[in-house]
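Student: Quick one: the structure is below, and I'll ask about it shortly.
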């Protein structure tokens with residue numbers, strides 16, 4: 001059975017949930033790693049993974065920037081720029097303002113909060129959106145699940161930058177939000193017809209619970225990396241499949257045309273070029289933050305049902 005296949009009726013590419021589930025293998029891997037550390041390595045791994053907020057921010061940039069760069073390749077196509085031109089009128093200045101606030105205006109802690117919240121709203125939003133694909137569930141309960149999951153992630157990560165009563169308050173809120181999220185997840189899975197039909201939702205909830213457990217058991221860096229790896233790998237799958245399908249029919253993308261990249265060659269060119277460009281962009285902090293916020297603000301529009309992206313990519 002092919003995981004990825006072209007649909008002849010509309011020239012779109014169909015991405016299977018089997019492919020999108022692959023990044024979630026990091027969840028059982030981390031669970032096994034922590035158990036081994038507890039049982040055989042006398043918590044040595046835990047001692048190596050003590051982190052500060054600045055390291056969490058660095059990990060987010062290090063692992064997150066390449067897929068953000070990869071998302072920009074589609075906009076090298078003049079048809080895409082034309083299609084999204086009205087959205088750009090809002091997203092570009094909004095990204096610039098948010099970057100100015102983060103880099104220049106706000107104090108360090110406030111900047112950390114702003115960046116963290118926007119990052120996690122985007123990260124959880126992508127996985128939640130894919131979790132709903134292909135299943136019919138209550139819109140209200142789904143929204144409660146999505147936003148309680150987001151609150152859980154935000155409060156958990158932000159607790160790293162706090163101590164004493166503030167840290168405890170954030171963790172209490174995270175526990176309450178996680179309880180609501182887990183309850184809604186169980187109801188949604190039942191409503192969808194069981195775990196097999198809502199397997200992506202199951203995987204996303206498992207990711208959230210495992211990540212939170214990592215934080216409260218002293219493996220905070222793993223707690224940060226789990227959703228980061230899942231989100232980034234999922235994004236690369238989406239962008240590579242999209243660009244692969246699009247380059248077969250279009251010669252309007254300046255980058256792919258310039259380097260004579262078409263079809264399956266995208267699968268090696270896109271990650272390689274994205275990593276190289278990310279290294280240089282990361283050297284200019286303000287540019288990096290602006291590009292990151294542009295990605296966060298633009299993605300919701302780019303992957304909405306009426307977008308040009310979704311005319312290329314479908315989900316089974």
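Laboratory data are not the source of any read-out in this text; all were calculated from the coordinates shown. Computed from a predicted model, the values in this text were never measured in an experiment. Here Cβ is always computed from backbone atoms with ideal geometry, including for glycine, and neighbour counts include all displayed protein chains.
Student: Quick check: the angle from helix 220-249's long axis to the longest principal axis of the chain, C-alpha only, nearest 10 degrees?
Tutor: Around 10 degrees separate the two axes.
Student: Suppose a student asked you for the relative contact order of segment 210-316, using Cα pairs under 8 Å spaced at least 6 residues apart; what percent would you report?
Tutor: Reported relative contact order: 19 percent.
Student: Antiparallel as a % of all DSSP beta bridges within the chain, to the nearest 5?
Tutor: Roughly 60 percent of the DSSP beta bridges within the chain come out antiparallel.
Student: Helix 139-158 sits at what angle to the longest principal axis of the chain, using alpha carbons and giving 0 to 90 degrees rounded to 10?
Tutor: 60
Student: What distance in nm lies between label points placed 7 Å from Cα along the C-beta direction at residue 114 and residue 17?
Tutor: A separation of 3.9 nm, rounded to one decimal place.
Student: What is the helix-to-structure angle for 26-39, meaning the angle in degrees between its Cα long axis and the longest Cα principal axis of the chain, kept from 0 to 90 and rounded to the nearest 10?
Tutor: Result, in degrees: 30.
Student: Please arrange 254, 40 by counting, for each residue, the other beta carbons lying within 10 Å of its beta carbon, fewest first.
Tutor: Working: 254 13, 40 8.
The order, fewest Cβ neighbours first, is 40, 254.
Student: I've got another one for you. Quick one: compute the contact order of segment 104-241, relative version, from alpha carbon pairs under 8 angstrom and 6+ residues apart, as a percent.
Tutor: Here the relative contact order equals 25 percent.
Student: With the cut-off at 1.5 for a/c, could you classify segment 216-301 from its C-alpha gyration tensor as rounded, prolate or oblate?
Tutor: Prolate, because a/c is 1.5 or more and a/b exceeds b/c.
Student: Expected output is a single nm value to one decimal: the length gained when fully extending between residue 139 and residue 47, i.e. 0.36 nm times separation in residues minus the C-alpha distance. What is it?
Tutor: Fully extending the segment from residue 139 to residue 47 adds 28.8 nm.
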